[in-house]
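Trainee: Below: one structure in structure tokens.
The values are calculated or read from the model by the stated rules, or taken from the named source; none is laboratory data. Please read these numbers as outputs of a predicted model, since none were measured by experiment. For neighbour counting, all protein chains shown are included, and Cβ atoms are generated from backbone atoms with ideal geometry for every residue, glycine included.
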Amino acid sequence: MIYLDNNATTQPLPEVIEAMRECLHDAYANPSSVHQFGQTVRHKVECAREQVARLIGASPKEIIFTSGGTESINLAIRGGLRIHPHRRRFVTTAVEHSAVLRLAEQLAAEGYTVDYVGVDQEGRLNEAEWAQMFTDQTALVSLIHANNETGVMFDVPRLAAVAEEKGVPIHVDAVQSAGKAPIDVASWPVQLISIAGHKFHGPKGVGALYVRRRTRIEPLILGGSQERLLRGGTENVEGIVGMGVASEIAMRDRTQSTEHVRRLRDALESGVRASIPFAYVVGQGAERIYNTSNIAFEGLESEAILILLSEAGICASAGAACSSGSLEPSHVLKAMGIEERIAHGAIRFSLSRFNTREEIDHVVSILPDLLSRLAALGAR
């Protein structure tokens, strides 16, 4: 099997699996218990909090553990809006993850004015439009860092500075970038950042929300006093520990991993373009995160391509795995103004440190014949 669906989820590192196994076997006490066993487990949670904080240059006190990226996003946006009940305007972009867009739709149904900032054909944000979006009624803005479908990256420090000048708090969806791209909250004028452990070789079911010191949000889940009263419920200790280990290794290996995966991504794209004249690399003119390549094959259907790839032992995706099953073209590609005939054939290849050049060469070598078979079957 060749796994090229790492934006959906990543293979956990062996060190992560071992740390979690040890937790399940030897550290099963409740971290809220006052006895020594419980406090030993509490220490593991706090050590992991320090590791996750270092990943983005934060203080451990600014890290709130959650069940994943989607919960972090909902806590940031819902919790942030509740602090400003008289401000009824929310700003985001047209290319956000569905966790943000579906929440935005719900906010609109509740009477909020939701403004969407557009992008150009390369996926770059319309910065002139962005600068005009903020009013004294804007309660919060949410901005994706690295797009989960195309890999296109927004310049968060520069864009956030505009919101800061207007006095508007900003949430950043860094689910696809944390653990891959450098994030330093000291140079980012943002209040809230969502991340997820399973996107950088940690476990599923655990994430974190960065809440800048003195930033107020209200909880969504009420219960015990866990996570500074912002997220009630007994902590997922083994998941948190696994995320901490993944964070530590991501920092340690970032340079080497980045260079390795970028070379593979570039080899994939150059090989495909050389052998398939109707291949179109989405967002190729914009800054992109190094592991993501969205390649559209004009006139073909992505579902049919994915079936043949899967039969050949290759795992990829048609955009966001969270939205799979839809026959509609990606909302991201629509927002970019890409023609439907092209957008319908878009495949997202997302790589990781575990991929090899041999795997990429194999994909490049079989893809032309695979697409020819589809054309012969009338899938164009």
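Trainee: Is there any pair linking a residue in region 17-38 that is over 13 Å from GLU235 (Cα atoms) and modelled with pLDDT of 95 or more to one that is of a type in the set (A, V, I, L, M) and not in a loop (DSSP other than H, G, I, E, B), with Cβ under 8 Å and at least six apart or on different chains, and which?
Mentor: Every condition considered, the pairs that remain are ALA19/VAL241; ALA19/VAL245; MET20/VAL241.
Quick grid of which residues meet (1) over 27 Å from PRO85 (Cβ atoms); (2) surrounded by 14 or more Cβ atoms within 10 Å (Cβ to Cβ); (3) basic (Lys, Arg); (4) touching a Gly at 6+ places or on another chain (Cβ under 8 Å):
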position	(1), (2), (3), (4)
ASP115	no, yes, no, no
ALA139	no, yes, no, yes
GLY151	yes, yes, no, yes
ARG158	yes, no, yes, no
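Trainee: Can you name every residue in region 96-111 that is charged (D, E, K, R), free of Cβ contacts under 8 Å to residues at least 24 places away in the same chain and not in a helix (DSSP H, G or I)?
Mentor: Initially, region 96-111 is screened for residues charged (D, E, K, R), giving 96, 102, 105, 110.
Now restrict to residues that are free of Cβ contacts under 8 Å to residues at least 24 places away in the same chain: 102, 105, 110.
Answer for region 96-111, where residues must be charged (D, E, K, R), free of Cβ contacts under 8 Å to residues at least 24 places away in the same chain and not in a helix (DSSP H, G or I): just GLU110.
Trainee: I'd like the full set of residues that are without any contact (Cβ under 8 Å) to a residue 60 or more places away in the chain, farther than 21 Å from THR10 by Cβ and out of contact with any Asp or Glu (no Cβ under 8 Å at 6 or more places or on another chain), limited to region 340-364.
Mentor: Of everything in region 340-364, those that are without any contact (Cβ under 8 Å) to a residue 60 or more places away in the chain, farther than 21 Å from THR10 by Cβ and out of contact with any Asp or Glu (no Cβ under 8 Å at 6 or more places or on another chain) turn out to be GLU340, ALA343.
Trainee: Sticking with this one: Out of the residues in region 72-101 that are of a type in the set (A, V, I, L, M, F, W, C) and more than 21 Å from GLY197 (Cα to Cα), state the one that is surrounded by the fewest Cβ atoms within 10 Å (Cβ to Cβ).
Mentor: Per the criteria, the residue is ILE83.
Trainee: Check region 281-288 and report whether any residue there is without any contact (Cβ under 8 Å) to a residue 60 or more places away in the chain and outside any strand (DSSP E or B).
Mentor: In the first step, residues of region 281-288 are kept if they are without any contact (Cβ under 8 Å) to a residue 60 or more places away in the chain; the result is 281.
Narrowing further to those that are outside any strand (DSSP E or B): none.
No.
Trainee: Could you please find all residues in region 336-380 being among the charged types (D, E, K, R), loosely packed, with under 13 Cβ neighbours inside 10 Å and either closer than 13 Å to GLU269 by Cα or under 23 Å from the mean Cα position of the chain (by Cα) (or both)?
Mentor: Residue satisfying the conditions is ARG357 alone.
Trainee: Go through region 102-111 and report how many residues are buried (at least 17 other Cβ atoms within 10 Å of the Cβ) and either over 21 Å from the mean Cα position of the chain (by Cα) or modelled with pLDDT under 95 (or both).
Mentor: Kept after step one, since they are buried (at least 17 other Cβ atoms within 10 Å of the Cβ), are these residues of region 102-111: 103-104, 107.
Subset that is either over 21 Å from the mean Cα position of the chain (by Cα) or modelled with pLDDT under 95 (or both): 107.
Of the residues in region 102-111, 1 are buried (at least 17 other Cβ atoms within 10 Å of the Cβ) and either over 21 Å from the mean Cα position of the chain (by Cα) or modelled with pLDDT under 95 (or both).
Trainee: Looking only at region 199-237, count every residue that is assigned to a loop (DSSP other than H, G, I, E, B) and under 30 Å from LEU4 (Cα atoms) and tell me the total.
Mentor: Pass one, region 199-237, residues assigned to a loop (DSSP other than H, G, I, E, B): 201-206, 212-226, 230-236.
Retained after the next criterion (residues that are under 30 Å from LEU4 (Cα atoms)): 201-206, 236.
Counting residues in region 199-237 that are assigned to a loop (DSSP other than H, G, I, E, B) and under 30 Å from LEU4 (Cα atoms) gives 7.
Trainee: Any residue in region 21-40 that is within 29 Å of PHE349 (Cα to Cα) and surrounded by fewer than 21 Cβ atoms within 10 Å (Cβ to Cβ)? So that I can check it myself, show each step before the final result.
Mentor: Our first condition is that a residue be within 29 Å of PHE349 (Cα to Cα); within region 21-40, this holds for none.
Taking every residue of region 21-40 in turn, none turns out to be within 29 Å of PHE349 (Cα to Cα) and surrounded by fewer than 21 Cβ atoms within 10 Å (Cβ to Cβ).
Trainee: Consider GLU328 against the criteria (1) closer than 27 Å to ALA178 by Cα; (2) among the charged types (D, E, K, R); (3) outside any helix (DSSP H, G or I): it satisfies all of them except one. Which criterion is unmet?
Mentor: Result: GLU328 passes all but (1).
Trainee: Here's another thing I want to ask about it. Does ALA186 satisfy the criteria of being touching a residue at least 60 places away in the same chain (Cβ under 8 Å), part of a loop (DSSP other than H, G, I, E, B), closer than 28 Å to HIS84 by Cα and small (Gly, Ala, Ser)? Before the answer, list the steps.
Mentor: Details: touching a residue at least 60 places away in the same chain (Cβ under 8 Å): yes; part of a loop (DSSP other than H, G, I, E, B): yes; closer than 28 Å to HIS84 by Cα: yes; small (Gly, Ala, Ser): yes.
In short, yes.
Okay, residues lined up against (1) closer than 25 Å to ARG214 by Cα; (2) touching a Phe, Trp or Tyr at 6+ places or on another chain (Cβ under 7 Å):
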{"residue": "GLU129", "(1), (2)": "no, no"}
{"residue": "THR135", "(1), (2)": "yes, no"}
{"residue": "PHE154", "(1), (2)": "no, no"}
{"residue": "PRO169", "(1), (2)": "yes, no"}
{"residue": "VAL172", "(1), (2)": "yes, no"}
{"residue": "GLN176", "(1), (2)": "no, no"}
{"residue": "LEU192", "(1), (2)": "yes, yes"}
{"residue": "ALA196", "(1), (2)": "yes, no"}
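Trainee: Output the residues belonging to region 181-211 that are surrounded by fewer than 24 Cβ atoms within 10 Å (Cβ to Cβ) and closer than 16 Å to ASP253 by Cα.
Mentor: The answer is ALA181, PRO182, ILE183.
Trainee: Among all residue pairs at least 6 apart or on different chains, which show Cβ distances below 6 Å where the first residue, located in region 315-337, is within 15 Å of ASN148 (Cβ to Cβ) and hydroxyl-bearing (Ser, Thr, Tyr) and the second is assigned to a loop (DSSP other than H, G, I, E, B) and modelled with pLDDT under 95?
Mentor: Here the result reads SER330/GLY319, each pair linking region 315-337 to a residue that is assigned to a loop (DSSP other than H, G, I, E, B) and modelled with pLDDT under 95.
Trainee: Among the listed residues ARG87, ARG42, which satisfies the condition of being among the charged types (D, E, K, R), at pLDDT 95 or above and assigned to a helix (DSSP H, G or I)? Outline the logic, then answer.
Mentor: Numbers: ARG87 fails: assigned to a helix (DSSP H, G or I).
Every option except ARG42 fails the conditions.
Trainee: Scan (1) within 26 Å of SER98 (Cβ to Cβ); (2) touching a residue at least 12 places away in the same chain (Cβ under 8 Å); (3) outside any helix (DSSP H, G or I) for the single condition ILE305 breaks and write down its number.
Mentor: Of (1) within 26 Å of SER98 (Cβ to Cβ); (2) touching a residue at least 12 places away in the same chain (Cβ under 8 Å); (3) outside any helix (DSSP H, G or I), only one is false for ILE305: (3).
Trainee: Write out, first by first residue and then by second, each pair whose Cβ atoms fall under 6 Å of each other, whose residues are 6+ apart or on separate chains, and whose first residue, in region 261-272, is over 11 Å from SER352 (Cα atoms) while the second is hydroxyl-bearing (Ser, Thr, Tyr).
Mentor: LEU268/SER293; GLU269/SER293
Trainee: Which of the following residues is of a type in the set (Val, Ile, Thr) and over 27 Å from ASN294 (Cβ atoms): VAL152, VAL141, VAL172, VAL162? Please lay out each step first, then the result.
Mentor: Numbers: VAL152 fails: over 27 Å from ASN294 (Cβ atoms); VAL141 fails: over 27 Å from ASN294 (Cβ atoms); VAL172 fails: over 27 Å from ASN294 (Cβ atoms).
Result of the check over VAL152, VAL141, VAL172, VAL162: VAL162.
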